[in-house]
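Asker: Structure in structure tokens, see below.
Values in this text are rule-based calculations from the coordinates and carry no lab data. Predicted model, so just to flag it, every value in this text is computed and none were measured. Methodologically, a virtual Cβ is constructed for each residue, glycine included, from the backbone with ideal geometry; neighbour enumeration extends over all protein chains shown.
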Amino acid sequence: MKPKKILTAIVLASVCILARAANPTAIIPAPAKVEMVPGTFQLRADTRILAGPDLRATAELLAARLRPATGFKFKIKSAEAIGSAGDILLTTKDANPNLGAEGYELSVTTTGAVVRAATPAGIFYGTQSLLQLLPLEIFSAQPAPAVAWTIPCVAISDSPRFAWRGFMLDVSRHFFTKPEVEQVLDLMALYKLNTFHWHLVDDQGWRIEIKKYPKLTAVGAWRDGVGFGLASNSTTAYDKNGRYGGFYTQRDIREVVAYAAARQITIVPEIEMPGHSSAALKAYPQFGCPNARIDLPEKGGVFKGVYCAGNEATFDFLENILSEVVTLFPGKYLHIGGDEVDKANWRNCDACQLRIKTENLKDEKELQAYFTRRIEKIVNAHGKTLIGWSEIREGGLAPSAALMDWIGGGAESAASGHDVVMSPTKYCYFDFYQATNQTAEPKAIGGYLPLKRVYQFEPLPAKLAPEFRAHVLGGQANLWTEYIPNFRQVEYMMFPRLGALAEVDWSPPAARDWENFQSRTALNEMRLAALGVNYRALSKPD
Ligand code: ACM
Ligand code: ZN
């Protein structure tokens, strides 16, 4: 070995030793409590997975993940106790009630592994931890016959800090296919993230089939070219006529929702309004203000589409859309956007100005609040809760709305009894550069968000009084895709930052340890490599 390599090896070895001292496993996010026990358990060709009927689906997913690399069949049997040495038991029996709806216990002894939890969600998270205790090659799609599939003996007791552990993907600026979205869900599941915010609608594309308004996708899902000054060959999302874009059918959506549910992920659909609505208005211009200007930013323009708040037909249109959307997504929340509403069209519209007058509103900000309150009634009538970006607070937050804080208002909303999700740009905007040397990075929107800063994110606002902390549901990373025209680049922007976000959302603050997290992230790179995921290497300077 050259001296430099020897030095590197020594440094790596000491990093590993240090890491083991603080956090003895390579699991991301770090579990709340880990106790190492001497010995190992080895998976064998005849290892079975024992699971009751309600846990069968989770057992199938575990077996499917274990099979390719090991080549073992992993028969699934319904049983309530370890049958013979060498089995993996998933059980809700005698679960610790103090671990909440998502907590679990994982016990690995020389004779087998037991995941015990009160709910299928907890069981699922236990299996994710089990996977991360195995040699990293377990994530390979190819057989790895030389690997001994040993798991260190361990007792883990774990539960999440926050209930909302979110990731948002913008599929409007660029379209990502159903298998690509499912890959995002798989990777979220690995890190125990549970909320996928699907940004389905924006100025540059409408991505969800609405039966009553077929032009939303026939027209709104397509554009002339890739836009944003990007090379036409930076993406493959063209139809046979060379149009750029795509959309999900309602059947696609149902399948993605089921795929997510199997991985304990709830999907929050976002149907943007009243702004960022150019794609819808390209298809149905009658719901914009008369004489409205729309010239899209990707073509150098500044006026973005806004629905006309003075026109009753706009509300019928949106009600009809939302009543289809709610049938597709079983989750509690419906995100209606509400950010960056370009008020110029409202100022120049007689109908909007008349509405301001007849409703005794002060200005266009209050007009947006009026708009949001009307939409909230529709959303509530379907049994759902409205959530929107920071700006829905301006002019008064709708009575039962939740706020997604990207530019403030989270602490104030929580203190007035509203639930909030924290996704401040400073810590959560994964479209920002990961390095100061931007020339060495794929083109991004700007900003600077290195891994360490994500790891420093604290979802609880410092100024929020303790009695309101329960209103902070959790933290979420957002990936806007103006400059991200293909899925390889999506992955590059997600990783390794998503691991940091996951740890912020899941692990107790006391378990957070930057040095240790880095060493786990270095190991995690091998997992991502085995999965074929494109990530930004930790060794690159930020
Ligand atoms: C946003 O980033 N405009 C919510
Ligand atoms: Zn108008």
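Asker: Which whole-number percentage describes the relative contact order of the chain, with Cα contacts under 8 Å and a sequence gap of 6 or more?
Answerer: Averaging sequence separation for qualifying contacts and normalising by length gives 15 percent for the chain.
Asker: For 111, 58, what ranking results if the residue with the fewest other Cβ atoms within 10 Å of its Cβ goes first? Could you put the intermediate results ahead of the total?
Answerer: On the way: 111 14, 58 25.
Fewest-to-most ranking of 111, 58: 111, 58.
Asker: Then there is this: Give, to the nearest whole percent, the P(r) tail of segment 493-542 beyond 15 angstrom, counting all Cα pairs.
Answerer: Distances greater than 15 Å cover 46 percent of the Cα pairs.
Asker: Among the lysines, select those whose C-alpha is under 26 Å from the C-alpha of residue 77, and discard any that sit fewer than 8 residues away in the same chain.
Answerer: Once the sequence-local lysines are set aside, what remains near residue 77 is 93, 192.
Asker: Continuing with this model, one more query. Suppose only helical runs count, i.e. DSSP H with n ≥ 4. What mean residue ellipticity at 222 nm does that imply for the chain under -39500 (n - 2.57) per run, divided by all residues and rounded to the nearest 500 deg cm²/dmol?
Answerer: Counting only the DSSP helices, I get -10000 deg cm²/dmol.
Asker: While we're on this one: Hey, fewest Cβ within 10 Å first, where do 490, 420, 34 land in order?
Answerer: The fewest-first ordering by Cβ neighbours comes to 34, 490, 420.
Asker: Any idea how far apart residue 231 and residue 438 come out in nm if each label point goes 7 Å out from Cα toward Cβ?
Answerer: So the two model labels end up 2.0 nm from each other.
Asker: Under 8 Å for C-alpha pairs, at least 6 residues apart: give me the relative contact order for segment 409-536, rounded to a whole percent.
Answerer: After rounding, I find 28 percent.
Asker: Calculate how many DSSP beta bridges within the chain are antiparallel, expressed in % of all such bridges and rounded to the nearest 5.
Answerer: 35 percent
Asker: Round to a whole angstrom and tell me the spacing of the C-alpha centers of segment 432-459 and segment 118-166.
Answerer: 29 Å
Asker: So which of 343/377; 304/452; 282/357; 211/384; 212/384 end up more than 25 Å apart by C-alpha?
Answerer: Values: 343/377 23 Å; 304/452 35 Å; 282/357 29 Å; 211/384 21 Å; 212/384 21 Å.
Cα-Cα > 25 Å for 304/452; 282/357; rest within.
Asker: Where the centroid of each part is defined by its Cα atoms, how far is segment 187-236 from segment 485-541 in Å?
Answerer: Measuring centre to centre over Cα atoms gives 25 Å.
Asker: Ok, one more. From the P(r) of the chain, can you give the percent of Cα pairs sitting at distances over 35 Å? Working shown, then result.
Answerer: Values: 56477 of 146611 pairs.
Roughly 39 percent, once rounded to a whole number.
Asker: Roughly what angle does helix 514-530 make with the longest principal axis of the chain, taking Cα atoms, 0 to 90 degrees, to the nearest 10?
Answerer: Value to nearest ten degrees: 90.
Asker: Given the peptides 436-444, 195-203, arrange them by the average over their residues of other C-beta atoms within 10 Å, most packed first.
Answerer: For the peptides 436-444, 195-203, the packing ranking is 195-203, 436-444.
Asker: Follow-up. In degrees between 0 and 90, to the nearest 10, how far off the longest principal axis of the chain does helix 3-22 point, with axes built from Cα atoms?
Answerer: 80 degrees
Asker: Same structure, new question: Taking the Cα centre of the chain as origin, work out the dipole magnitude from +1 charges on Lys and Arg Cβ and -1 charges on Asp and Glu Cβ, in debye rounded to 20.
Answerer: The dipole magnitude comes to about 1100 debye.
Asker: Taking Cα pairs under 8 Å and at least six residues apart, what relative contact order does segment 84-220 come out at, in percent? Intermediate values should be presented prior to the final figure.
Answerer: Working: 206 pairs, mean separation 26.4, N = 137.
Over segment 84-220, the number comes to 19 percent.
Asker: Given H placed on each backbone N at 1.01 Å, which residues far from residue 225 in sequence or on other chains put an amide H within less than 5 Å of it?
Answerer: Answer set, sorted by chain and number: 244.
Asker: What does segment 365-500 give for Rg and for Dmax, in Å, if only its C-alpha atoms count?
Answerer: According to the Cα coordinates of segment 365-500, Rg and Dmax are 16.8, 50 Å.
Asker: Still on this model: Give the order of 248, 238, 104 when sorted by the count of other beta carbons within 10 angstrom, beginning with the fewest. Please list the in-between numbers first.
Answerer: Numbers: 248 24, 238 16, 104 29.
Least crowded to most crowded, the residues run 238, 248, 104.
Asker: Follow-up. In nm, to one decimal, how far is the modelled label at residue 465 from the one at residue 35, with both set 7 Å along Cα→Cβ?
Answerer: 4.0 nm
Asker: Answer rounded, prolate or oblate for segment 311-368, using the Cα gyration tensor with square roots of eigenvalues a ≥ b ≥ c: rounded when a/c is under 1.5, else prolate when a/b is larger than b/c, else oblate.
Answerer: Prolate, since a/c reaches 1.5 and a/b exceeds b/c.
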